[in-house]
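Each remark here refers to the structure printed beneath this line.
Quick note: the coordinates plus some simple rules give every number you see, no bench work behind them. Please read all numbers here as calculations on a predicted model, not as lab measurements. Neighbour counts are summed over all protein chains in view; Cβ atoms, including those assigned to glycine, are modelled from backbone coordinates with ideal geometry.
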Amino acid sequence: MTRSEQLFEKAQQHIPGGVNSPVRAFKGVGGTPVFIAKADGAYMYDADGKQYIDYVGSWGPMILGHNHPNIREAVHKAVDNGLSYGAPTESEITMAELVKQIVPSMEKVRMVNSGTEATMTAIRLARGYTGRNKLVKFEGCYHGHADSLLVKAGSGALTLGVPNSPGVPADFAKHTLTVEFNNLESVKQIFADCGDDIACIIVEPVAGNMNCIPPTEGFLQGLREICDQYGAVLIFDEVMTGFRVSASGAQGYYGITPDLTTLGKVIGGGMPVGAFGGKAEIMNHIAPDGPVYQAGTLSGNPIAMAAGIAALTLIKEQADSIYPTITHLAEKLCIGFKQAAEKAGVALTTNQVGGMFGFFFTDKESVTSYQQATECDQAKFRKFYQLMLEQGVYLAPSAFEAGFTSTAHTEEDIAKTIAAAEVAFTKL
Ligand code: PMP
């Protein structure tokens, strides 16, 4: 028995499913989850000491690689001054300034502790601001686990086959209208039906929770126009794409300005941080300036801010090298996977935007919809996953999650990963 197997057996006695977040349990790929002992740069090391080239990056935060010295040292320094005060600190101003400089549409920004908190509050704010109840989300997009958003959700909910969670009252869910990603006509139709009751559209501008699906030409622009026409708030959930597909996220990459933006993952440098922000006119409705309530005992925590400031400072100063690097690596990986699959006679399609990528076992030339993503060959994915894991490559343990490159990955890591994929494809 490996140490991971022993730990998993023990964990299941105490923790539901043995994990503190469902996708970690490997239900999407089978087998025992790898228990991690430490991570550095592009690598993670499991409890048995085996090394993995990691393309999950703690589900997004580790864009600069694990255990980056600047972030680690900033955290060490902050710890010396105490862990939390529940009172304002200068570091929160520094953090807000950095976010605004990098993502200019965020005229005002508030820190929270997770992506879930960010999206949940952005939705409440949009509702409070417009005085309307309904929201539009896209099938297969995941925005955290708040009630209104666990309707036809992606990520773990989709992996486990329960995109609509029990426990969300039908009376809540009825205000959540779901439409097809990349289908502007379906959005137009729903607004034609009840546009005056719709508070907001929330969208992952590049969907990363049903594998990786970029927006088709004109889709995001179309959402912008519909929101303008009906006075609805356009929320870009950039928890995954923020500081990832470009420094200023998908909004910078595609040149579309949302009203509100939600952030998470990279913004905390590995600490639990989320943020929401946007037009000052809307943000002024948040308490204590306005009546829409939101709060957090540990929000703006000084240790988390220190980590986030260190990460965002590097991102701001080195954007010119960071984004070309992670983009190049992701492109190279996708091309390598495709060529290796072709050589082995396996049908494979890839998607990639910046340092975010996905691959699909399908003979379709492109995957642009939720429907197509869910029709891909799951059995092949599971087998491929295990073959890659055996060879020391750690991919997201679900066919419905995007993968990530970091600045810590080298050309050699990519070459090794492609070589492993060549072996795996021939065994499928
Ligand atoms: N939105 C998106 C787009 C996400 O990818 C995630 C997490 N994967 C969330 C929201 C929720 O963030 P958290 O897990 O930090 O609550």
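Among the conditions (1) in a helix (DSSP H, G or I); (2) away from the ligand (no atom under 16 Å from the Cβ), the only one that residue 290 does not satisfy is (1). Taking first residues from segment 112-128 that are free of Cβ contacts under 8 Å to residues at least 12 places away in the same chain and partners that are within 9 Å of the ligand (Cβ to nearest atom), no Cβ contact under 6 Å between residues at least 6 apart in sequence or on separate chains turns up. Going by what's in this entry, would residue 96 be described as closer than 19 Å to residue 265 by Cβ and in contact with a Phe, Trp or Tyr (Cβ under 6 Å, 6 or more places away or on another chain)? Judged against the criteria, residue 96 is not a match.
Residue check: residue 178 meets all listed conditions (1) over 21 Å from residue 117 (Cβ atoms); (2) within 11 Å of the ligand (Cβ to nearest atom); (3) out of contact with any Ser or Thr (no Cβ under 8 Å at 6 or more places or on another chain) but one, namely (2). For segment 181-212, the set of residues classified as within 16 Å of the ligand (Cβ to nearest atom) and either of a type in the set (Phe, Trp, Tyr) or assigned to a strand (DSSP E or B) (or both) consists of 181, 200, 201, 202, 203, 207, listed by residue number.
Looking only at residues that are part of a loop (DSSP other than H, G, I, E, B) and touching a Phe, Trp or Tyr at 6+ places or on another chain (Cβ under 8 Å) in segment 369-393, which one is nearest to residue 220 (Cα to Cα)? That would be 369. Residues of segment 314-338 that are of a type in the set (Lys, Arg) and crowded, with 18+ Cβ neighbours inside 10 Å: 332 alone. Of the residues 306, 341, the single one that is buried (at least 19 other Cβ atoms within 10 Å of the Cβ) and in contact with a Phe, Trp or Tyr (Cβ under 8 Å, 6 or more places away or on another chain) is 341.
Looking at segment 273-282, can you tell me whether even one residue there is touching an Asp or Glu at 6+ places or on another chain (Cβ under 9 Å), part of a helix (DSSP H, G or I), more than 16 Å from the ligand (Cβ to nearest atom) and charged (D, E, K, R)? Yes, there is a match, as at least one residue in segment 273-282 is touching an Asp or Glu at 6+ places or on another chain (Cβ under 9 Å), part of a helix (DSSP H, G or I), more than 16 Å from the ligand (Cβ to nearest atom) and charged (D, E, K, R).
In segment 111-149, the residue that is farthest from the ligand (Cβ to nearest atom) out of those that are among the basic types (Lys, Arg) and surrounded by fewer than 22 Cβ atoms within 10 Å (Cβ to Cβ) is 132. Going through (1) closer than 26 Å to residue 155 by Cβ; (2) in contact with a Lys or Arg (Cβ under 9 Å, 6 or more places away or on another chain); (3) of a type in the set (Ser, Thr, Tyr) one by one, residue 293 falls short only on (1).
Just for strands (runs of 3 or more DSSP E) wholly inside segment 1-77: which have at least 2 residues that are surrounded by fewer than 19 Cβ atoms within 10 Å (Cβ to Cβ)?
Here the list reads 36-40.
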